[in-house]
Amino acid sequence: MKLGRLNHIGVATPSIADSIAFYRDVMGATKIHASFDMPEQGVKVCFVDTPGADGAMHGTQIELIEPLPGNASIAAFLERNPQGGQHHVCYEVPDIHAAKAWFEGQGKRVLGEIRTGAHGTPIFFVHPKDMLGILTEIMETPEGAHA
Ligand code: CO
């Protein structure tokens, strides 16, 4: 297992539109991507860039997550946290299958199978109770992402 870059912080929100206004007007974000639906995950997502270092395309992103109708888990999160809040963190790894085997070998509960995440690369989630309280997304580094 080789820990890669902190790719993004997932933030649940009851309104991506309101959160975009916050990151633009309060936080001074200048690069906010178009939001898009991920119907198979039951969410709408929107990425907000933070600046990159050393010529990287961008730094760590904020992933805004709004539940689509019928989504149970994000909706439940918003019931507990009506304003929204930090939902997960996502680290990159060079090899998604090696990373899954690594976590499982340590008795960490991988939630579901490897699937395609919001960046179009393979991802999986690890149970927060096995990760010191943090729902953790592991994502294969996108090709050419940090050249
Ligand atoms: Co994510």
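The values are calculated or read from the model by the stated rules, or taken from the named source; none is laboratory data. Computed from a predicted structure; not experimentally measured. Methodologically, a virtual Cβ is constructed for each residue, glycine included, from the backbone with ideal geometry; neighbour enumeration extends over all protein chains shown. We work out accessible area using only protein heavy atoms, side chains counted, and drop any ligands, DNA or RNA first. Shrake-Rupley method; radii C 1.70, N 1.55, O 1.52, S 1.80 Å.
Given the DSSP H assignment, sum -39500 (n - 2.57) over each helix run of at least 4 residues in the chain and divide by its residue total; what's the result at 222 nm in deg cm²/dmol, nearest 500?
Roughly -5500 deg cm²/dmol at 222 nm, from the helical runs in the chain.
Heavy-atom accessible area per residue, the range 6-140, 1.4 Å probe: how many Å²?
Per-residue accessible area for the range 6-140 comes out at 53 Å².
Write down, largest first, the equivalent ellipsoid semi-axes of the range 79-137 in whole Å, where each equals the square root of 5 times an eigenvalue of the alpha-carbon gyration tensor.
Value: 21, 15, 9 Å, ordered largest first.
Which entries of K31/K108; K2/K108; K44/K100 have Cα-Cα distances beyond 28 Å here?
K31/K108, as the Cα separations exceed 28 Å there.
How far is it, in nm, from the label point at D25 to the one at M38 when both lie 7 Å from their Cα along the line to the Cβ?
Label-label distance for D25 and M38, simple model: 2.8 nm.
Can you send over the carbon and sulfur percentage of the accessible area for the chain, probe radius 1.4 Å, protein chains only?
That fraction is 56 percent.
Over all directions, how big on average is the projection of the convex hull of the alpha-carbon atoms in the range 6-140, in square nanometres?
8.6
Using protein chains only and a probe of 1.4 angstrom, how many square angstrom of R24 are accessible, to the nearest 10?
My reading of the accessible area for R24 is about 120 Å².
Please report the antiparallel percentage of the DSSP beta bridges confined to the chain, to the nearest 5.
Among the beta bridges of the chain, antiparallel pairing accounts for roughly 70 percent.
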